[in-house]
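Here is the structure we will look at, set down as structure tokens.
The values are calculated or read from the model by the stated rules, or taken from the named source; none is laboratory data. Just so you know, these numbers come straight off a predicted model, no measurement behind them. All Cβ positions, glycine included, derive from the backbone under ideal geometry; neighbour counts span all protein chains shown. SASA here: full protein model, heavy atoms, side chains in, ligands and nucleic acids out. Shrake-Rupley method; radii C 1.70, N 1.55, O 1.52, S 1.80 Å.
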Amino acid sequence: MRRRDLTKTLLASVAGVGESKAQPESCAPPCFPRTHAETASGVVPSLLIYTASPRIDPRRYGAVGDGTKDDTQAMQTALNVAQAGNGRVLIPEDFRMLCGPLSLTVGGVDALSNSLAIEGVSMVGSRIVAKPGSNLPLITLRSSNPAAVLQPAQLVLENFGLHNLGAAKTPGGHGMSLQGLAWIRISGVQIVGFDNGLEMINSLITLIDQQCQLDRNNTGLKISRLGGANAAQTTNLITVDHCRMVGNSRWAVEFSGGSQFVMRGCDLEQNGERGNGDSGALLTGTDLSGNFGLARIELYENWIEGNFGQTIHIQPLNSGLLTVSIEGGQVIASERGQALLIGTAAKPVHQVMLKNLYSPSPTDAWQINATYLTLINTLAANVKVNAVHHTYINALSSSGLLS
């Protein structure tokens with residue numbers, strides 16, 4: 001064989017290799033074949049170039065993500081497939097899915113068979129945008145009987161945003177509603193512009209962390225329970241860690257039905273309405289504790305400043321005992337009125353401990369009504385106390401040491 005013929009042969013061989021490598025770009029089906037979860041759900045994917053394992057890409061079912069096309073059915077299909085296979089739904093980068101209400105119902109009693117994750121790339125880059133005017137939550141995840149059964153679900157929701165771009169926050173049109181579920185982690189999620197940003201009903205063992213943002217809703221985080229004072233289940237062990245809640249018009253947090261709520265390292269600013277005492281940063285309800293008979297509120301190292309209305313309002317319980325611990329941070333209102341109101345003269349809160357708190361302005365009034373009160377290393381320029389038993393250690397007001 002002559003040298004130039006050998007060269008032609010080698011070039012042809014290299015070209016052939018290049019062509020075979022480029023072949024998957026055209027992706028003659030199957031590229032990512034139909035999965036067992038899709039078969040179990042009766043789903044036939046329309047775009048096999050997108051994967052369904054280990055994460056399910058909603059573009060596989062026709063999602064476009066341009067914020068204009070209705071992607072509701074594609075995203076609902078992705079959720080259904082993920083639920084069938086204990087899988088994960090991925091919201092891609094620089095994606096805007098326009099969706100109506102999405103929902104899943106979790107049944108059974110085995111947490112290991114009810115694993116589900118919804119993941120994005122970031123709260124800014126991966127968004128689900130609500131179609132305007134809905135009076136239903138954008139995402140509802142619920143147990144089969146949320147009033148009676150706390151269903152273990154192993155939910156992970158992280159790194160995406162829920163946005164309502166309409167000016168009206170339709171009653172019932174919440175961002176996300178979690179009902180009757182246990183074992184939930186919500187991390188790096190942004191929820192903006194809804195009635196309740198995040199609604200939790202009869203929920204157990206939930207961590208909300210990694211700089212979640214619940215901004216410019218009517219209520220940022222609303223925690224409640226179904227069934228009234230004699231409900232079979234209640235909301236318990238809810239922890240909010242290093243999150244931001246800004247510009248919510250009613251309350252940043254309303255904990256109206258449950259037994260233990262912990263918030264640490266959070267930033268609550270510009271919540272509530274000026275002159276409206278039924279709004280502010282944090283409200284707790286009179287119907288806490290449920291069938292446990294004891295409720296506990298714990299706030300650690302939070303920055304609570306520039307809120308309107310009643311900044312923190314801890315209401316006395318209709319029945320049962322309530323203990324309140326507020327430690328570290330700053331509680332400052334932005335208008336004349338109550339910065340901190342705990343209990344009433346007729347119904348004091350059972351036990352209150354305030355430690356290392358700072359509220360230097362005489363316009364930021366504190367009113368504390370408690371059976372047992374402990375103030376440690378605390379400065380409140382304008383504080384009124386009604387306590388049956390009290391202990392003061394380096395507690396200061398404008399008139400000097402409290403004794």
Checklist entry - Could you list, in sequence order, the residues of segment 59-92 that are under 20 Å from T140 (Cα atoms), of a type in the set (D, E) and free of Cβ contacts under 8 Å to residues at least 60 places away in the same chain? => result D71
Checklist entry - Looking only at segment 299-324, which residues are under 25 Å from the mean Cα position of the chain (by Cα), open to solvent by 10 Å² or more (accessible area, probe 1.4 Å) and farther than 22 Å from M245 by Cα? => result T323
Checklist entry - Residue check: is S46 under 32 Å from the mean Cα position of the chain (by Cα) and modelled with pLDDT of 65 or more? => result no
Checklist entry - (1) open to solvent by less than 40 Å² (accessible area, probe 1.4 Å); (2) under 24 Å from D209 (Cα atoms); (3) modelled with pLDDT of 90 or more; (4) not basic (K, R): which one isn't true of E327, the others all being true? => result (1)
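For P360, indicate whether it is touching a strand residue (DSSP E or B) at 6+ places or on another chain (Cβ under 8 Å) and modelled with pLDDT of 85 or more.
It is false that P360 is touching a strand residue (DSSP E or B) at 6+ places or on another chain (Cβ under 8 Å) and modelled with pLDDT of 85 or more.
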Item to check | Failed criterion for S325 (all others in (1) closer than 26 Å to A346 by Cβ; (2) assigned to a strand (DSSP E or B); (3) touching a Lys or Arg at 6+ places or on another chain (Cβ under 6 Å) hold) | outcome: (3)
Checklist entry - Of R296, R250, R264, which residue is buried (at least 17 other Cβ atoms within 10 Å of the Cβ), modelled with pLDDT of 90 or more, over 25 Å from G175 (Cβ atoms) and in contact with a strand residue (DSSP E or B) (Cβ under 7 Å, 6 or more places away or on another chain)? => result R296
